[in-house]
Amino acid sequence: MTVSNVGAKRRQPSLAQLRAFAAVAEHLHFRDAAAAIGMSQPALSGAVSALEETLGVTLLERTTRKVLLSPAGERLAVRAKAVLAEVGALMEEADAVRAPFTGILRLGVIPTVAPYLLPTVLRLVHDRYPHLDLQVHEEQTANLVDGLAGGRLDLLLLAVPLGMPGVVELPLFDEDFVLVTPLDHGLGGREGIPREALKELNLLLLDEGHCLRDQALDICREAGREDAPVTTTAAGLSTLVQLVAGGLGCTLLPRTAVTVETSRSTQLLTGSFADPAPSRRVALVMRAGAARGAEYEELAAALREALRPLPVRVLGATTDDRHAVE
């Protein structure tokens with residue numbers, strides 16, 4: 001009589017083991033991986049070793065200087081991340097079922113939006129959704145998109161379109177760009193500035209990685225400027241505006257940033273472009289099929305109303321405000 005082992009119960013890895021391995025696979029460094037998930041280095045190393053024993057494969061190649069994924073580790077890291085993402089989705093679903101607008105909401109915001117819109121967002125959440133634990137992460141667009149796709153973030157507040165599959169964009173408003181110049185500049189304080197004027201300006205821009213830099217370059221190309229007008233760059237809008245005040249050139253600011261950024265200096269003037277003025281669209285962005293999607297849409301509707309006092313063109317809830325990218 002032959003007894004088959006098919007279907008015999010096998011040991012299964014724990015979520016802690018998968019989480020430890022996924023962190024090491026991402027960082028390729030035990031100390032950094034341990035810090036990223038809040039685990040001690042010995043505990044993390046033990047969890048990965050236990051996972052290797054459970055699976056019966058070698059996941060890592062350890063040397064004195066660095067950690068490498070084995071061929072098996074390369075394949076199984078993808079599976080481990082997918083399992084953890086599904087577990088996160090399960091927890092999110094449970095939170096949503098339990099009660100709307102409760103628990104943690106991890107909101108990612110770009111630096112050229114955060115200082116000007118967050119006061120409105122935070123006031124709205126405090127007044128209308130007091131049981132929502134809003135956690136804000138200010139990062140550049142690429143990091144935010146990765147965080148949303150990987151489940152580290154739940155919702156993004158940034159400039160669109162992203163051109164990214166698997167997300168739903170909930171547009172909030174459009175806002176014009178204005179030209180910020182030194183006091184003695186010929187275009188300072190003017191209205192109806194033609195876009196073609198950008199072809200001749202010494203335009204100061206943000207550093208690489210900021211979507212506002214890319215938008216400014218696109219506007220220059222639309223105005224017929226072929227070269228990239230970059231001689232001086234800055235890490236943030238505050239520094240950029242101070243460079244303009246110092247006479248190094250001009251820059252473009254979204255209207256929501258003008259009051260905050262130009263009030264720090266008396267050496268600046270702002271000018272407006274002729275219609276249609278160059279503009280950007282700002283939206284909330286969520287994962288397609290997000291368990292809390294209905295909540296995020298309600299939040300977008302409430303935020304549109306709260307943003308009406310700002311110098312923006314709020315988008316109505318009936319004007320194609322929900323845009324899914326497949």
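The values are calculated or read from the model by the stated rules, or taken from the named source; none is laboratory data. Not measured: the values here are computed from a predicted model. In this analysis, Cβ positions are derived from the backbone assuming ideal geometry, glycine residues included, and neighbour counts consider all displayed protein chains. Ligands, DNA and RNA are stripped out before the accessible areas are found, and what is left, the full protein with its side chains, is counted by its heavy atoms. Shrake-Rupley method; radii C 1.70, N 1.55, O 1.52, S 1.80 Å.
Points worth noting:
- Length released on extending from S265 to R75, taking residue separation times 0.36 nm less the Cα-Cα span: 62.8 nm
- Note on T259: accessible area approximately 110 square angstrom, rounded to 10, probe 1.4 Å, nucleic acids and ligands left out.
- With both labels modelled 7 Å from their Cα along Cα-to-Cβ, the H131 to D32 distance reads 4.1 nm.
- Residue-count net charge about A99 - beta-carbon cut-off 14 Å; Lys, Arg +1, Asp, Glu -1: -4
- Based on DSSP H segments of at least four residues, each scored -39500 (n - 2.57), the chain has a per-residue ellipticity at 222 nm of -13000 deg cm²/dmol.
- Other residues lying with their Cβ under 15 Å from the Cβ of G38 contribute a combined charge of +1, Lys and Arg counting +1, Asp and Glu -1.
- Answer label, with mean projected area of the Cα convex hull in nm² calculated from the coordinates and candidates (i) 17.8; (ii) 16.3; (iii) 23.4: (iii)
- Among D174, D214, the sequence by solvent-accessible area, most first, with a 1.4 Å probe is D214, D174.
- Karplus-based coupling profile of region 65-71, in residue order and whole Hz: 9, 8, 10, 10, 7, 6, x, with θ = phi - 60° in 6.51 cos²θ - 1.76 cosθ + 1.60 and x standing for Gly or Pro.
- Of the residues L51, A77, Y116, the one whose Cα sits farthest toward the positive end of the charge dipole of the chain, with +1 on the Cβ of Lys and Arg and -1 on the Cβ of Asp and Glu, is L51.
- Taking amide hydrogens as placed 1.01 Å from N in the peptide plane, the amide H of L60 sits under 5 Å from those of S70, each at least 5 positions away in sequence or on another chain.
- Extending 7 Å from Cα along the Cβ direction at T239 and again at E226 yields two label points whose distance is 3.2 nm.
- In the chain, the longest principal axis of the Cα atoms and the axis of helix 41-55 are about 60 degrees apart.
- Surface accessible to a 1.4 Å probe, D146 within the full protein complex, Å²: 100
- Phi-based couplings in Hz for region 72-89 (Karplus 6.51, -1.76, 1.60; Gly and Pro marked x): 5, x, 4, 6, 6, 4, 4, 5, 4, 5, 5, 4, 5, 5, 5, 5, x, 5
- Dipole magnitude for the chain: computed about the Cα centre from +1 point charges on Lys and Arg Cβ and -1 point charges on Asp and Glu Cβ, it is near 1040 debye.
- Taking a Cβ cut-off of under 13 Å around H131, the surrounding Lys, Arg, Asp and Glu residues balance to a net charge of -2, with basic ones at +1 and acidic ones at -1.
- Secondary structure note: in the chain, about 70% of the DSSP beta bridges are antiparallel.
- Highest mean packing comes first when the peptides 33-41, 245-253 are listed by Cβ atoms within 10 Å, giving 245-253, 33-41.
- Each residue of region 281-296 was assigned a 3J(HN,Hα) from its phi angle through the Karplus expression (A = 6.51, B = -1.76, C = 1.60, θ = phi - 60°), giving 10, 10, 9, 8, 10, 10, 5, 4, x, 4, 4, 9, x, 5, 5, 5 Hz with x at Gly and Pro.
- Farthest toward positive dipole pole in region 182-257 [+1 Lys/Arg, -1 Asp/Glu at C-beta], among G249, A235, P182: P182
- Helix 211-222 and the longest principal axis of the Cα set of the chain meet at an angle near 50°.
- Taking every alpha-carbon pair within region 22-138, the share separated by more than 21 Å comes to 56 percent.
- With the cut-off at under 11 Å, measuring from each backbone N in region 166-198 to a point 7 Å along the Cα-to-Cβ line of A274 picks out 192-197.
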